[in-house]
Structure formats: C-alpha cells, structure tokens
1. Regarding residue 207, is this residue in a helix (DSSP H, G or I), hydrophobic (A, V, I, L, M, F, W, C), over 17 Å from the mean Cα position of the chain (by Cα) and at pLDDT 95 or above?
2. Among the numbered conditions (1) under 24 Å from residue 185 (Cα atoms); (2) surrounded by fewer than 21 Cβ atoms within 10 Å (Cβ to Cβ); (3) among the aromatic types (Phe, Trp, Tyr), tell me where residue 296 comes up short.
3. Which pairs turn up if I take residues in segment 233-247 that are under 15 Å from residue 152 (Cα atoms) and among the charged types (D, E, K, R) and look for partners that are at pLDDT below 90 and not in a loop (DSSP other than H, G, I, E, B) with beta carbon separation below 9 Å, at least 6 apart in sequence or on another chain?
4. Quick test for you: out of 94, 103, pick the one residue that is in contact with a helix residue (DSSP H, G or I) (Cβ under 6 Å, 6 or more places away or on another chain) and either surrounded by 18 or more Cβ atoms within 10 Å (Cβ to Cβ) or at pLDDT below 90 (or both).
5. Would you mind telling me which numbered condition in (1) at pLDDT below 95; (2) more than 18 Å from the chain's Cα centre (by Cα); (3) part of a helix (DSSP H, G or I) residue 307 fails?
6. Looking at the structure I just gave you, is residue 232 under 19 Å from the mean Cα position of the chain (by Cα), at pLDDT below 90 and within 28 Å of residue 123 (Cβ to Cβ)?
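The values are calculated or read from the model by the stated rules, or taken from the named source; none is laboratory data. Note that the coordinates shown come from a computational prediction; the quantities given were computed from them, not determined experimentally. Neighbour counts run over all protein chains shown; Cβ positions are idealised from the backbone, glycine included.
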Amino acid sequence: MLIYYSQSEAMECPRCGSMVQGNDCPYCGYGLITREEEDGKEDAFGEKVRYYLVIFMLLSFISYLIMTVSLMILSTPQGYDYTSVGREVFYIVLLVPVGITWLTGLSLTIYYILLVLAILASTIYLFYRSADFFSDVGLKKENLRTDILNQPLTRLALLFSVMTFLSYAYYILIEVSDVSPTTPPLEQESFGRVVFWMTQAAVWEEVVIRLVFFGVPMMIYAYSKSRPDIWKYLFGGFGLDEKPVIPLILVSSIIFAAAHLPGWDLSKMPPTFLAGIIFGYLFAKDGLYSCIIFHFAWNYMYLYSRLSYDFTLILGVLTLLWMAAGTYFTYHYTKEGIQWFKQKKGNQTRPKEEKEDFSLTFGKNAGFVCSNCRSYKAHYTESGKLKCKTCGRETDLSSNDSLKKIKSIEAKRQWPPTE
C-alpha cells in the first residue's frame with residue numbers, strides 16, 4: 001500500500017495511527033513512499049490514463065495466465081510422451097550450467113510432474129493472496145495509489161508489460177542492426193520436448209539462481225543479524241531495505257545472463273540481464289513463487305506459435321498492446337526507482353540525530369504483521385492466537401513483529417518521555 005507524503009514531515013499511519021517518518025510503518029507494515037512537496041499532484045488526465053492502463057494489464061494478464069496454465073495442463077500428455085522415452089541432463093548453475101546426472105524414463109517423468117505442480121502451486125498461491133485483497137478493496141480508482149499498485153498480482157502484470165516492451169524493442173534494434181543472433185533450433189524439436197524445456201526453465205532456473213544466489217545469501221545475512229524467521233529470507237518476500245538486496249539482485253542477474261550463453265551468443269546477455277533484474281525485484285518484493293509465474297508466463301509465449309496461426313495472431317495483437325502499456329510502466333518504474341535510490345541515499349547521509357528528530361506514538365493500535373508473508377490481516381483462534389488470513393500461520397500476539405519493534409525501540413529510549 002502506498003501513500004505519498006512530504007519527506008520533511010512525520011505523518012500518522014493510515015492503518016494503525018502511529019506517527020511515522022520513513023519508507024514503511026515499522027508497527028503495522030503499511031508502505032509509505034515520500035515525494036517532494038514541489039512535485040505536486042499528478043494531473044487528473046494522467047491519473048485516469050494510468051488507472052485504465054493498470055486495469056487493462058491486470059485483466060489481460062489474468063486472462064493470459066489462466067489460458068497459459070490451461071495450455072500447460074493440456075500439454076502434459078505430450079510432455080509425458082517425451083519424458084517417458086527422453087533423456088535430459090539434471091544441472092546446477094555455477095557461472096554456467098553444470099551437469100550433475102542424466103534423467104531418463106521414470107525419473108525424468110517424475111521431475112517433469114514436480115515442475116508442473118510447482119507452477120500450479122505458485123499460481124494458486126498468487127490468486128489466494130490476491131483474492132482477499134481485491135474482495136475488500138476492489139478496483140476503485142481512488143485505491144490506485146494506496147492499494148492496487150503494491151499487490152503481487154498487479155506487480156506481475158505491470159512488469160510483464162515492461163519486459164515485453166524492453167525485450168521486443170531490443171530485438172527490433174538487433175534486427176535493424178543486421179545482427180544474426182545464434183539461437184537454439186527449437187523449431188526442429190518435438191512439441192513435447194519444448195514443453196518440457198519451457199516448464200523446466202520456469203521453475204528450475206529460478207531455484208538454482210534466485211534461491212541459491214539470492215535467497216541463501218540473504219538467509220545467511222539474516223542469521224548474522226539475528227533476524228526472526230530466517231527461513232523466509234530463503235524464499236524471498238523480504239523487501240528492498242536490507243543492505244545486500246541490491247548487490248544480490250545485480251549478481252544473480254549477471255549469473256542468470258551468463259547461464260544462457262551455452263546455446264546462445266552474447267546478444268542474449270542484455271535481455272536476460274534485464275529479465276534477471278525484474279526477477280530479482282519480484283523475488284525481493286514477493287518471493288520465489290512470483291518469479292516462477294513470471295518466468296513460466298514468458299516462456300510459454302513461444303508455445304503459442306507452435307499451435308496455430310490464430311493463436312499467433314491473437315498473441316501478436318496482445319503483445320503490441322502490452323508493448324504500448326510497457327512504454328508507460330517502464331517510465332513509471334524507472335522514475336520510482338530513481339526516487340527510491342535518492343531517498344535511500346538521503347537517509348544514509350542524514351545525521352543520526354536528525355533522523356530521530358520527530359516523536360513517535362507507540363502502541364496506538366499497532367496492528368498485525370505476519371512474520372511469514374507480511375500480510376496485515378488475521379483473526380483470533382479459539383486458543384487466543386492470531387491466525388494470518390493469507391498464509392494461515394498462527395502466532396502469539398506477544399511474538400508479532402510489530403510489537404517486537406515497539407518493545408525494542410521503547411527499550412532504547414526513556415519511556416514514557418519526560419517533560
């Protein structure tokens with residue numbers, strides 16, 4: 001959830017009522033993004049255009065995702081036919097893919113089924129997380145800033161348009177430059193084998209790159225800082241504020257790009273590096289499941305060209321519309337990113353006493369923040385615990401992150417303040 005306010009002033013958190021200055025309310029998790037006062041409000045026309053672009057991307061991406069999951073399910077017989085007789089290498093990624101063993105017959109089939117189940121589970125979890133939010137908030141125009149833009153499903157849809165715009169713009173540039181990139185001969189492979197490859201890449205590449213080169217270092221960092229629930233750092237969704245996040249996004253993106261060189265050439269590096277940045281951002285903001293869905297939706301675009309001319313035509317028109325929307329959202333995320341870096345740099349260079357030169361009202365309806373998924377919605381169980389409505393984790397109220405933060409700050413200060 002996003003509220004824009006002046007960086008120079010403290011404000012009352014819209015959710016829990018505590019006085020806050022900074023990026024996020026530390027007591028209930030409400031997201032706050034500062035904007036300089038002189039920037040002013042966006043004009044009504046620009047706000048309306050952005051609203052309709054967001055709604056278009058949400059509805060079109062949801063439709064495309066449902067259709068693509070259906071395509072994956074309907075293609076499993078062809079995938080099974082290939083895996084039952086095929087032979088594929090099981091690999092890890094160091095800087096380039098390194099083969100570990102060969103999978104054939106039953107082992108390859110089981111591996112393929114697990115990949116399909118991972119995509120299905122990720123998709124179900126995405127819609128599960130989104131259903132509760134959209135049932136409460138809906139798609140009202142007044143909620144565009146405060147709610148809709150910061151939801152995982154919206155983030156996926158908008159970044160999908162960004163990826164579409166950047167990728168196709170790059171390949172148009174390559175075409176104009178008379179460069180002939182080297183690509184794997186997918187057209188010569190059977191449909192079942194291509195289905196397996198696209199499914200494997202969507203899941204296993206995210207596991208061996210995002211999980212290993214991003215999640216594991218973040219878990220180690222969280223352990224060194226005595227963070228609670230360090231396992232959640234392994235699977236992402238920890239946000240962008242921790243110090244190692246940006247360097248790890250860059251490192252994992254470089255490794256992701258380099259891992260595509262076998263079978264491709266250097267012309268593949270720029271778009272895969274940009275894709276890695278988007279995957280890393282999604283991993284940090286939402287988690288591994290979001291990366292898997294994005295990668296799956298992107299990879300399966302190729303499969304439609306193997307079905308029929310009608311599918312290719314429909315997807316071609318949709319791609320042009322996504323590119324048009326992507327031009328705006330590329331600008332939007334670039335602007336937000338620059339603003340975020342400026343604010344982060346300003347927070348780091350500001351003297352400590354200046355950072356703390358505002359009063360906080362602690363304990364005023366502090367609210368609930370799930371330590372597992374960061375959701376703020378919960379209900380009491382019969383045993384007196386709080387059960388998260390998003391992921392179902394039960395916690396004692398006294399162990400909740402929001403109250404822990406209040407207690408830790410109160411312990412460092414004289415409380416209540418004296419006159």
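1. The answer is no for residue 207.
2. Residue 296 satisfies all of (1) under 24 Å from residue 185 (Cα atoms); (2) surrounded by fewer than 21 Cβ atoms within 10 Å (Cβ to Cβ); (3) among the aromatic types (Phe, Trp, Tyr) except (2).
3. none
4. 103
5. Only one criterion in (1) at pLDDT below 95; (2) more than 18 Å from the chain's Cα centre (by Cα); (3) part of a helix (DSSP H, G or I) is unmet by residue 307, namely (3).
6. Here the answer is yes, as residue 232 does meet what is asked.
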